[in-house]
Amino acid sequence: MSAGDTISACATGAGRAAVAVLRVSGPGAGAVLRAVAGGLPAPRVASLRRLRDAGGEALDQALVLWFPGPASYTGEDSAELHLHGGPAVVAAVAEALVAAGARPAEPGEFTRRAFLNGRLDLTEAEGIADLIEAETEAQRRQALRQAGGALSRLVAGWSARLARLLARQEAFIEFEDEDLPAGLDDSVAAAAAALHAEMSAQLAEAPRGERLREGLMVAIIGAPNAGKSSLLNALVGREAAIVSARAGTTRDVVEARLTLAGVPVTLADTAGLREAADEIEAEGVRRARRRAEDADLVLAVFAADQAPDAPTLAAMSADALVVLNKADLAAPGSAPVGDADPTLLPAGITAASEGAAPGRAGAASPGSGPGHPVPAGALAISALTGQGLDALRLRLEVRATALAGLGEQATLTRPRHVAAVREALGWLAELPTAPVPELRAEALRAALRALGRLTGQVGVEAILDLVFSEFCIGK
Amino acid sequence: MFDKTYDVVVVGGGHAGTEAAAVAARCGARTLLLTHKLETLGEMSCNPAIGGVGKGHLVREIDALDGLMARAADAAGIHFKLLNRSKGPAVRGPRAQADRKLYRQAVQALLRAQPGLDLLAGSAEDIVLDATGRCTGVVTAAGERIGAGAVVITTGTFLRGVIHLGEERTPAGRVGEAPSIGLADTLRRLGLPMARLKTGTPPRLDGRTIDWAALEPQPGDDPPEPLSWLTERIANRQVACAITETNEATHAVIRANLHRSAVYGGRIEGVGPRYCPSIEDKVVRFADKGRHQIFLEPEGLDDDTIYPNGISTSLPAEVQAALIATMPGLAKAVILRPGYAIEYDHVDPRALRPTLELRACPGLFLAGQINGTTGYEEAGAQGLMAGLNAAALAGGGAADRVLTRAEAYTGVMLDDLVLQGVSEPYRMLTARSEHRLALRADNAGLRLTEKGIAWGCVGSARATAFRAFGQAVAEALAWARSEAATPAQFTAAGVAVNQDGRRRNVLEALALPTALPQALDAMFPRLRSLAPAVRTQLEAEALYAPYLERQAAEMRALAREERISIPSGLDFAGVAGLSTEMRQRLAAARPATLGGAGRVPGVTPAALAALAVHLRRQPEACST
């Protein structure tokens, strides 16, 4: 790669389409455009041009846009060609662009150039990458906010305040013999504490942003034959998992995707939890437990005609969503369950049975003998008949929004954002106990450097590694 | 073709020139110091003080390399103060006010005692270049041609200097001394980038006309702490300063006459230092401040001249008299010499290598105010480094003696100058260093003296004494890391610690905020037997070590970037992704490393990334 390098690539997806867009960027973009379109149109105005190859043969009638640098996406001279989308047309024009002096771009090279030319900072480039990857509405809005510089501005604001505090601290250190305002040293500590509180509040919101970006992982666990696979299929509306009456049908993790309240969710159906009969099933059970541990949310499934099983009760977290499946098999009124909102219960099932301790529900279902009580708040459903599924979906959406919904505040969307802010906070927390002012200054400086890493202001080599590992973003 | 020849010729006899000449001679170079008047060698042309926060660090570094400034200041000091005494050791700055005459005498005595150094009164009007453009000597105003292996120019504010006193303009270097116009033209002919700066000085007062009884006296430290590591004790009688202050009446006089000030009358184009503003600046820029402190500093033991620190001005002499009279204790004060502003040419230091040799003119070094700095200490440290490299070059070796940013404030300063240039007169501040906790005034010798011994600029007396000290510190540190006590032992000695069962070593004990020195002395009797300077090292280590450890990863990353060199001939136009502006900035500063490129002002992270990509893709280029 040299500075004289001009790149071109198709910006739209492969295959037949009504329109395909080719882009050109680099110092030779103007010459390339002149060669194929017979001249440069007015900047940033769509113009209809006949495109020709070097031999003068007409290739297509296209809309052509000319973006002289530096006011372009990449910061370089750039052009866009909106072609008719047939593969032969795209191939012929792409070839003509290369013949005119461009070279095919590497994946992500346009955005990388925008970053290198200072058109985007690191967080904005990440936002662009997320925008391209966005699958749901909430993801799109979060990514767009970051690409538009929301995180940059937040960090710039913090950095500016830190820099001001540092300046005050430094004045106190350097100019002892000048008559500085009294209380300068103390005022720094007070202002740093306020900033610490604000940054902490942002950090508390961070898991939501991260989960929205990454997608929410929901693990369905339960005893064999509790109807986990049927529930997965019912929720996603297709036969994603094999269902049979035989216990232990699901041996590995089966995943299916759905969107809940704008949050992309991966539902994972897992092997039933029991003493495994063979080695393969044992591995399936191990995987099921691991999924339950790693999941953002656990959906614990019990069968209404069975006493709740100990392995599932042990594997579910305190905040798990509990359902009592096969409600169609249970005799009306015979499976008392506790529920915060009785109106959500299917007909025939009553809330916490009389005599049960508040907040802890119920006896075992008939015929199962003495067993574990059904956990409080269990929702009776039937994956078979669809009973209670709307209520479950509603609960899942409420939980998804709480865990990963687009918040006004959630601006830290990646682990490295969280790590940088956490490091800065760690340094700010030093201030109250630092025994001498120069150590307070050092802590402020270190906090500033940590924030600088977020937007790529410091730590060249570290940033470079990120550039290389994160910037092949598939366009 | 030359009337006589030296290894090194130094032009200028201020703080940069005297250090440059002395160090070159210490390194064994036959050296000539050429200056207008031998009587003004070692003149303190502005305030009579050496050191301070940042500046004191530089003085200690000069001293660690066996330079003159600290020894001269100790010989001449009449008021010593350790600034920031209540803060940590990293930011404590030793400062001395000197008797101006004693200081001159001390510097001149040190120079005269230096073997291999000749002093010559005269002015350099031109330099001699050979066919390859290398500097091979100087031509004096008397027409004498003097050959040299290397030339160091330290002409301070003498380059096209113009003094402004109210509406009057006088071409001059210092009051009563001619400016160097010929040399300025020569430097312009070399095509060097030049710019104009200004600085100022306050009026001098007759101490016999000041009502001292009305003023608050400011005694120095007792006992005074010497600036030089070699000085046992300060012999001079110590004197007190006094403080007065401006008031509304003073400010009214200034505001009424602002148009007559050279600066506000628009007769000065040069940029002045923000941290050393004229009293006009203070009154205009901080209009809501009703008073400004003025320190009254005696210029000598048998000299009645008083330096009113804080009231630098270019107002006309009669206005100066009027505003002085408004201040407490100064109602009848007589002005011996009015203050003035001086404008001068300086060379954009980005034209220099990190050794202070001009890139465009091999063999020619620049040091001091000519490079856009202010202050005796900044000038002295540059003179020292220029003289070291001039001697190395003249001796047939390479001019490659540099101190890094991690080693010394001197290294920070030279790196700042050659990479960032100056937009105002450059003054050292501890905040300029990212290694502040490690670069202390108290450990300058430990950082630099061994290096100076290797360079050949440290005399045998200092070298021997230093090695004993270095050994003592190393042993004490090793002991303090291994000797430890249990929580129960601390509690028994009356020192509160967490009863966590963890043994704490002496360094950790010294860092305990609750530990009284007497209690620790009782627990660890060897502490009592340590020399105070050795104990100081332990205490600093104890205070800062936890922070330095936490910063270690950061510092390693910085060091890694410093090791990625940029080939000196690299064509920035060939680096993909660099905008024209970035190319220009990098080409002007020519950083030697990727780390240096990051300190070039205005260079964006993206530009650095592009440069790093380029260097990474061409590994063969990194080895040059």
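Read the figures in this text as sums done on the coordinates, not as results from a lab. Please read all numbers here as calculations on a predicted model, not as lab measurements. Here Cβ is always computed from backbone atoms with ideal geometry, including for glycine, and neighbour counts include all displayed protein chains.
Below are the figures for this structure:
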read-out: Global size of segment B:1-84 as Cα Rg and Dmax, reported in angstrom; value: 14.8, 56
read-out: Cβ-placed point charges (K, R +1; D, E -1), dipole of the protein assembly as shown about Cα centre in debye, nearest 20; value: 1000
read-out: Most positive-pole-ward Cα, B:PRO224, B:VAL253, B:GLN293, against dipole of segment B:220-303 from beta carbon charges; value: B:VAL253
read-out: Shielding score for B:550-557, defined as the mean number of other chain Cβ atoms within 10 Å; value: 3
read-out: Loop-exposed chymotrypsin sites (Phe, Trp or Tyr not before Pro) per DSSP, neighbour cap 16 Cβ within 10 angstrom, longest uninterrupted part of chain B; value: B:287-624
read-out: Per-residue [θ]222 nm for chain B (sum of -39500 (n - 2.57) over DSSP H runs n ≥ 4, rounded to 500); value: -11000 deg cm²/dmol
read-out: Counting DSSP beta bridges with both ends in the protein assembly as shown, the antiparallel % (nearest 5); value: 65
read-out: Sites matching GluC sites (Glu not before Pro) across segment B:490-557 that sit in DSSP coil, with at most 12 neighbouring C-beta atoms within 10 Å; value: none
read-out: Whole-number percent relative contact order across chain B, with pairs defined as alpha carbons under 8 Å at least 6 apart; value: 17
read-out: Per DSSP, loop GluC sites (Glu not before Pro) in segment A:6-91 with at most 16 further Cβ within 10 Å; value: A:GLU57
read-out: Positive-end residue of B:ALA262, A:ALA204, A:VAL218, charge dipole of the protein assembly as shown with Cβ unit charges; value: B:ALA262
read-out: Sequence of B:CYS135, B:CYS46 once ranked by neighbouring C-beta atoms within 10 Å, starting from the fewest; value: B:CYS46, B:CYS135
read-out: Average other protein chain Cβ within 10 Å of Cβ, residues A:112-122; value: 5
read-out: In segment B:409-507, trypsin sites (Lys or Arg not before Pro) in a DSSP loop with at most 16 other beta-carbon atoms within 10 Å; value: B:ARG502, B:ARG503
read-out: Relative packing of peptides A:394-403, A:137-146 - highest average C-beta neighbours within 10 Å first; value: A:137-146, A:394-403
read-out: Number of partner chain Cβ atoms within 10 Å, mean per residue of B:424-431; value: 3
